[in-house]
Amino acid sequence: MLRTFITSALFLALGALGGWIFAFFPVPLPYMLGSMAASALAVAFLPSSITQDFKPPVHLRTPFIASIGLLIGAQVHLETLTSWQPIAIIALMVTLFTPLAHWLNYRFMQRFGGYDVPTAFFCAAPGGLIEAMTLGERAGANVAILTVQQFLRIVLVVTLIPLLMSIWVGHPVGSAAGLSQFSQAASSPLWQIVTVGAVGYALGLMLRIPAGQLMGPMIFAGLLTSTGWLPLTLPNWLIILAQIVIGTTLGLRFNGLSGAIVRRGLILALGSAAVMLALGAVLALLITSLADVSLSAAWLSLAPGGVNEMSLVALSIAADPALVTLAHVYRIALTVMIMSAWYPRLSRPLSPRA
């Protein structure tokens, strides 16, 4: 217990240092990407006596994911809750994107990765990392390869989306851009933030809401803010700390992976990410032609990264984070349904012709 605490504190300190260094350069989301890079390098070069079998505490990310939910909920207005057209159109495009991206990825993993059917199928899932690993293991997929491909999917999307958007808009996006708006108002008392976050988190678990640790606080804070009962403003240090914790824990997932597996997985993940991001970009253009949604929000809604990470990216560029988060929760739920229903049909042996 003490060793886990000390090692976790060490990695968080290294992550904070990486984020602080990245903040001096014109890169997007410097605190998240910098902490991710620092912790990934640390597990690669620190003595094995420190990193061997180390896993960060399960609940380390929980309060910071909840804080992201609060930050999103604090920006929800009544117009967001009553604007059904953008939500319906984005939901339709996510419904098109998810099975098509999964199928294209599956064929890509089989052709260029040479993976067997269960490994290729669950590596190809455009979401639901934990669910893909659980269902894939039961189906007989190679768990090591599956872990690498699913993890690299998130890392690459989290890295590439802000970079590509920075190129598109002509300046770095990230905490210095979108999140700067929150420094203009005095932050709410810490006890209010903690209370609303704890109640929202508890409701998310009790009601079994998908991604409840994010969605529970987001919904509760959104109701309080949109009705005018208790508008919340989070301090900048909490937003930065959330980036550091999420980035550090992402980088730690490289722990124990061999260089050969990572190199091969990275090549495949780059091709897979390119396919999914291109498909998402085409559908995002279609969304913008049908609804009053910015291209950045539409593309982020279809980017196959983690729901927590994509919500943070949406926050960083002020790209309608509530809408983006709802889209990603739906994408993950749809992906899990597809994995559960589609694989048994895919793996069923063909019946002999009469």
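The values are calculated or read from the model by the stated rules, or taken from the named source; none is laboratory data. Being a predicted model, the structure only gives us computed values, none of them experimental. Virtual Cβ from ideal backbone geometry, glycine too; neighbours counted across all protein chains shown.
Number of residues in the stretch 35-64 that are modelled with pLDDT of 85 or more and among the aliphatic types (A, V, I, L, M): the value is 6. Here the condition is being of a type in the set (Val, Ile, Thr) and at pLDDT below 90; of VAL275, VAL282, VAL336, it holds for VAL336 alone. Residue count for the stretch 23-51 under the criterion of being among the β-branched types (Val, Ile, Thr) and in contact with a Pro (Cβ under 9 Å, 6 or more places away or on another chain): the result is 1.
Looking across the stretch 93-127, just one residue is crowded, with 23+ Cβ neighbours inside 10 Å and at positive phi, and that is GLY127. Selection of the stretch 307-318 for residues being part of a loop (DSSP other than H, G, I, E, B) and crowded, with 23+ Cβ neighbours inside 10 Å yields only ILE317. Looking only at residues of the stretch 1-34 that are modelled with pLDDT under 90 and among the aromatic types (Phe, Trp, Tyr), we find that the one that is nearest to LEU241 (Cα to Cα) is TYR31.
Taking ARG111 as meeting all but one of (1) in contact (Cβ under 8 Å) with a residue 12 or more places away in the chain; (2) more than 22 Å from the chain's Cα centre (by Cα); (3) in a helix (DSSP H, G or I), write down the number of the exception. It is condition (1) that ARG111 fails.
Quick grid of which residues meet (1) touching a residue at least 60 places away in the same chain (Cβ under 8 Å); (2) farther than 17 Å from THR248 by Cα; (3) surrounded by fewer than 18 Cβ atoms within 10 Å (Cβ to Cβ); (4) small (Gly, Ala, Ser):
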{"position": "ARG3", "(1), (2), (3), (4)": "no, yes, yes, no"}
{"position": "PHE11", "(1), (2), (3), (4)": "yes, no, no, no"}
{"position": "ALA23", "(1), (2), (3), (4)": "yes, no, yes, yes"}
{"position": "ALA37", "(1), (2), (3), (4)": "yes, no, no, yes"}
{"position": "PRO47", "(1), (2), (3), (4)": "no, yes, yes, no"}
{"position": "SER67", "(1), (2), (3), (4)": "yes, no, no, yes"}
{"position": "ILE72", "(1), (2), (3), (4)": "yes, yes, no, no"}
{"position": "ILE87", "(1), (2), (3), (4)": "yes, yes, no, no"}
{"position": "ALA91", "(1), (2), (3), (4)": "yes, yes, yes, yes"}
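Could you check the stretch 197-241 and list, in sequence order, the residues that are loosely packed, with under 15 Cβ neighbours inside 10 Å and either modelled with pLDDT of 90 or more or within 17 Å of ALA314 (Cα to Cα) (or both)? Of everything in the stretch 197-241, those that are loosely packed, with under 15 Cβ neighbours inside 10 Å and either modelled with pLDDT of 90 or more or within 17 Å of ALA314 (Cα to Cα) (or both) turn out to be ALA202, MET206, ASN236. Scanning the stretch 265-283 for residues that are over 20 Å from MET165 (Cα atoms) and either hydrophobic (A, V, I, L, M, F, W, C) or free of Cβ contacts under 8 Å to residues at least 24 places away in the same chain (or both) yields a total of 3. Just give me the residues in the stretch 270-295 being among the small types (Gly, Ala, Ser) and surrounded by 23 or more Cβ atoms within 10 Å (Cβ to Cβ), in sequence order. SER272, ALA273, GLY280, ALA284, listed by residue number.
Checking each residue in the stretch 116-146 for being among the acidic types (Asp, Glu), at pLDDT 85 or above and not in a loop (DSSP other than H, G, I, E, B) picks out no residue at all.
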